[in-house]
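Here is the structure we will look at, set down as structure tokens.
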Amino acid sequence: DAKTTQPPSMDCAEGRAANLPCNHSTISGNEYVYWYRQIHSQGPQYIIHGLKNNETNEMASLIITEDRKSSTLILPHATLRDTAVYYCSYSDSWGKFQFGAGTQVVVTP
Amino acid sequence: DAGVTQSPTHLIKTRGQHVTLRCSPISGHKSVSWYQQVLGQGPQFIFQYYEKEERGRGNFPDRFSARQFPNYSSELNVNALLLGDSALYLCASSLAAGRDYEQYFGPGTRLTVT
């Protein structure tokens, strides 16, 4: 099974952009990249997903490299409420998600 | 609209017992997936159901089983509980089963096996 690799933790100053990297070098051509976040062991919250084009919604932007081996989630203006574990994952043809260990993001005042 | 709901929220069982966890998907969603999340790790896929049929199974022993009902709600059953089954069990629903359908997670059921 393909795997994702993320840094275990990162800090971000409130109001600044947070750029979260993810490597998924073995992702197949038709698997989507998804980002979720989880706060205090609540259920993961959907953020954004994409196949090969860059995507933006009200929460974040997703930048996928042309070779699709990596992606970056961008939180444009981090707030204290963005402190969470962020998971990069991918979905197979039936929508089965593979989650890694995630990145613990701490937003500081 | 109500999100994904799960019951119970917390559960304590002893080794060897059986447990049933329940999930109600978002209205209109026909696919339900179950995940196990051990403390400090990401969720691990257990099952996916779509239109009442099993569409995927993760690397879990046969002690784990599930089913989906005609109203698209779902149950996860675990027999002969082990200490290692202690975890947060998450249910997620999506409109359909497929790689372009985002899944929405419930709050989870915290299972403690003693």
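List of remarks:
- Note on the stretch B:74-84: residues that are open to solvent by less than 20 Å² (accessible area, probe 1.4 Å) and part of a loop (DSSP other than H, G, I, E, B) amount to 1.
- Of the residues A:39, A:63, the single one that is surrounded by fewer than 19 Cβ atoms within 10 Å (Cβ to Cβ), within 14 Å of chain B (Cβ to nearest Cβ) and of a type outside the set (D, E, K, R) is A:39.
- Only one of the listed residues (B:3, B:16) is among the small types (Gly, Ala, Ser), away from chain A (no Cβ under 11 Å), part of a loop (DSSP other than H, G, I, E, B) and in contact (Cβ under 8 Å) with a residue 12 or more places away in the chain. That residue is B:16.
- Considering the stretch B:85-114, and only residues there that are open to solvent by 10 Å² or more (accessible area, probe 1.4 Å) and of a type in the set (Phe, Trp, Tyr), the residue that is nearest to the other protein chains (Cβ to nearest Cβ) turns out to be B:105.
- Of the residues making up the stretch A:78-96, none is touching a Cys at 6+ places or on another chain (Cβ under 9 Å), among the aromatic types (Phe, Trp, Tyr) and modelled with pLDDT under 95.
- Condition broken by residue A:23, with the remaining ones in (1) open to solvent by 40 Å² or more (accessible area, probe 1.4 Å); (2) at pLDDT below 90 satisfied: (2)
- Count - residues of the stretch B:36-53 that are more than 8 Å from chain A (Cβ to nearest Cβ), of a type in the set (Phe, Trp, Tyr) and closer than 22 Å to residue A:8 by Cβ: 0
- Number of positions in the stretch B:85-114 that are more than 15 Å from the chain's Cα centre (by Cα) and either touching a residue at least 24 places away in the same chain (Cβ under 8 Å) or closer than 15 Å to residue B:5 by Cα (or both): 7
- Considering only residues in the stretch B:15-55 that are among the small types (Gly, Ala, Ser) and over 20 Å from residue B:4 (Cα atoms), the one that is surrounded by the fewest Cβ atoms within 10 Å (Cβ to Cβ) turns out to be B:40.
The values are calculated or read from the model by the stated rules, or taken from the named source; none is laboratory data. Bear in mind that the values here come from a model prediction, so they are computed numbers and not experimental data. For neighbour counting, all protein chains shown are included, and Cβ atoms are generated from backbone atoms with ideal geometry for every residue, glycine included. Surface accessibility is based on the protein's heavy atoms, side chains included, excluding ligands, DNA and RNA. Shrake-Rupley method; radii C 1.70, N 1.55, O 1.52, S 1.80 Å.
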